[in-house]
Amino acid sequence: MANDTVALLRAEAGRDPHDRGLSDLTGQLSTRSGQFRVRWAAHHVRIHTTGVKLIHHPVVGDLELPFESFPLAADPSQSLLTYTAEPGSPSQDALSLLASWAASTTHDSNATKHQNDQPERQEDRQRDPGHDLRSRSASRPGDA
């Protein structure tokens, strides 16, 4: 992993060799870490376009998510990463569980909000003597 990380950093340094912040960072790492210095001197370059990201989620546990990176035409130094779960995998099951949990939480939240709004509306109708609660329409004397 350390070799890959240094190779990715070297690729980034190659995109903009005059980036002062990146130059300072690699200089500090080189003076403070012999392991970094050896890896940096190897001149390995790596561009991460595909792979598998391992994530530990506190509720559903470990997820293995294959990813692909797509460079953005407007700014090649930026890319869009997409993560997907393999169909039928435990990771897909875990993501489906999280999605249904999020949907039910949103639904419950909206239902609670709607229930909390109801007494106010009913209360407003009761204060308006011209409001017909059966038809839910306002009728005032003189309206035709």
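From the list Ser33, Ser89, which residue is surrounded by 11 or more Cβ atoms within 10 Å (Cβ to Cβ), of a type in the set (S, T, N, Q) and either at pLDDT below 90 or within 22 Å of Ala2 (Cβ to Cβ) (or both)? Of the residues listed, the single one that is surrounded by 11 or more Cβ atoms within 10 Å (Cβ to Cβ), of a type in the set (S, T, N, Q) and either at pLDDT below 90 or within 22 Å of Ala2 (Cβ to Cβ) (or both) is Ser33.
In the condition set (1) at pLDDT below 90; (2) exposed (fewer than 11 other Cβ atoms within 10 Å of the Cβ); (3) acidic (Asp, Glu), Asp24 is compliant with all but (1).
Here is a check on your reading of the model: is Ser77 surrounded by 10 or more Cβ atoms within 10 Å (Cβ to Cβ), at negative phi, at pLDDT below 75 and touching a helix residue (DSSP H, G or I) at 6+ places or on another chain (Cβ under 8 Å)? For Ser77, the condition - surrounded by 10 or more Cβ atoms within 10 Å (Cβ to Cβ), at negative phi, at pLDDT below 75 and touching a helix residue (DSSP H, G or I) at 6+ places or on another chain (Cβ under 8 Å) - is met. Restricting attention to region 20-71, the residues being polar (S, T, N, Q) and under 30 Å from Trp101 (Cβ atoms) number 2. Among the residues of region 1-21, the one identified as open to solvent by 60 Å² or more (accessible area, probe 1.4 Å), modelled with pLDDT of 90 or more and in a helix (DSSP H, G or I) is Arg20.
Considering the conditions (1) modelled with pLDDT under 90; (2) touching a Ser or Thr at 6+ places or on another chain (Cβ under 8 Å), Leu63 is excluded by exactly one of them, (1).
Within region 37-74, the set of residues being open to solvent by less than 60 Å² (accessible area, probe 1.4 Å) and not β-branched (Val, Ile, Thr) comprises Trp40, Ala42, Gly51, His57, Gly61, Leu63, Leu65, Pro66, Phe67, Ser69. Within region 65-110, can you find the residues that are outside any helix (DSSP H, G or I), of a type outside the set (S, T, N, Q) and within 16 Å of the chain's Cα centre (by Cα)? Residues satisfying the conditions are Leu65, Pro66, Phe67, Glu68, Leu80, Leu81, Tyr83, Ala85.
The values are calculated or read from the model by the stated rules, or taken from the named source; none is laboratory data. What you are looking at is a predicted structure, and each value in this text was computed from that prediction instead of being measured. Note: ideal-geometry Cβ built from the backbone for every residue, glycine included; neighbour counts use all protein chains shown. Ligands, DNA and RNA are excluded from the accessible area calculation, which covers all protein heavy atoms including side chains. Shrake-Rupley method; radii C 1.70, N 1.55, O 1.52, S 1.80 Å.
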